[in-house]
Amino acid sequence: MLARLRTLLFLSLFALPFAPALADDYADTVTVFRNAGQSAKFFGKSYGYAVFPTIGKGGIGIGGAHGSGRVYAKGAHVGDTSMTQLTVGLQLGGQAYSQIIFFQDKRAFEEFSGGNFEFGAQATAVAITAGASAQATTGGTGAGASGTQSSATTAGDYQKGMAVFTVAKGGLMYEASIGGQKFSYKPKK
C-alpha cells in the first residue's frame, strides 16, 4: 500500500510541470476586478497593476500568507511577482483571496518593481466565500466584500500612488493583526 502511494505521488509530481498553464486564472481574476465596483475604474487610468489570482493565508497567533502574480504596465505583461506576509496578533484560521495592486504612475510602478513595497496593518473577517476586509497600508488603501466572486464589490483609492483591492475566495479566518508584506519582482524575459 505504501509503495503504491509513493508511486502515485511520484507520478503526480512528475506530471505537474506538464500541467496546463494558469493563464486563465489571471484573465479570470482581472475580469472579477473589472466587474467589482470601484476597482473597475482603475484599469483605464492606471499606469499598470499587479494581479494575484490566489493568495493563501493562515495563522494561529502568528500567521503567514503567500501568493504569486503577474505585473502589467501599459497593458503588457512585463514581469512576475510574489508576495510573502508575516503577521502577529489575534488571528485564527485560513483563507484564500485574490488581490490587485494598481500603480497610479511610472514612479509607483518603479517603486514596486524595485522591491520596496509596503508594511501594513489590517483587520479582516472572512467566512467561506462571504467576506469583508479593509487595509490601511503605506502602499495604499483598499477594501473588498463578496458573497461570491461574481458578486464582489470593491472600494478604495490611491495612497502614495498605489491602490490595493482584495476579493475573498474562501476560508474561515478571524484576524486583527499587524504584519509586513514583502513583494519580489522579476522582469519578463
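The values are calculated or read from the model by the stated rules, or taken from the named source; none is laboratory data. Every value quoted in this text rests on a predicted model; they were computed, and no experiment measured them. Glycine also receives a Cβ, built like all others from the backbone with ideal geometry; neighbour counts cover every protein chain displayed. The accessibility values were calculated without ligands, DNA or RNA, using every heavy atom of the protein model including side chains. Shrake-Rupley method; radii C 1.70, N 1.55, O 1.52, S 1.80 Å.
Assorted remarks:
- Among the candidates K57, K106, residue that is under 22 Å from G161 (Cα atoms) and either without any contact (Cβ under 8 Å) to a residue 60 or more places away in the chain or among the basic types (K, R) (or both): K106
- Test: F112 is assigned to a strand (DSSP E or B) and surrounded by 14 or more Cβ atoms within 10 Å (Cβ to Cβ): no
- Condition met for G93 (in contact (Cβ under 8 Å) with a residue 60 or more places away in the chain, over 16 Å from the mean Cα position of the chain (by Cα) and either open to solvent by less than 40 Å² (accessible area, probe 1.4 Å) or farther than 21 Å from D25 by Cα (or both)): yes
- Residue within the stretch 34-56 that is of a type outside the set (A, V, I, L, M), closer than 23 Å to A176 by Cβ, out of contact with any Cys (no Cβ under 8 Å at 6 or more places or on another chain) and at pLDDT below 90 present: no
- Any hit, the stretch 137-144, residues being open to solvent by less than 60 Å² (accessible area, probe 1.4 Å), modelled with pLDDT of 50 or more and within 14 Å of the chain's Cα centre (by Cα): no
- Beta carbons closer than 9 Å, at least 6 apart along the sequence or on distinct chains, pair a first residue in the stretch 157-179 that is under 14 Å from G93 (Cβ atoms) with a second that is in a loop (DSSP other than H, G, I, E, B) and of a type in the set (A, V, I, L, M, F, W, C) for A168/I128; A168/A152; G170/I128; G171/I128; L172/I128.
- For S68, the criteria (1) under 25 Å from E175 (Cα atoms); (2) at pLDDT 95 or above; (3) buried (at least 21 other Cβ atoms within 10 Å of the Cβ) hold in every case but one, which is (3).
- Pair list, Cβ under 6 Å, 6 or more apart: the stretch 19-40 residue open to solvent by 50 Å² or more (accessible area, probe 1.4 Å) and assigned to a helix (DSSP H, G or I), other residue β-branched (V, I, T) and at pLDDT below 75: Q38/T154
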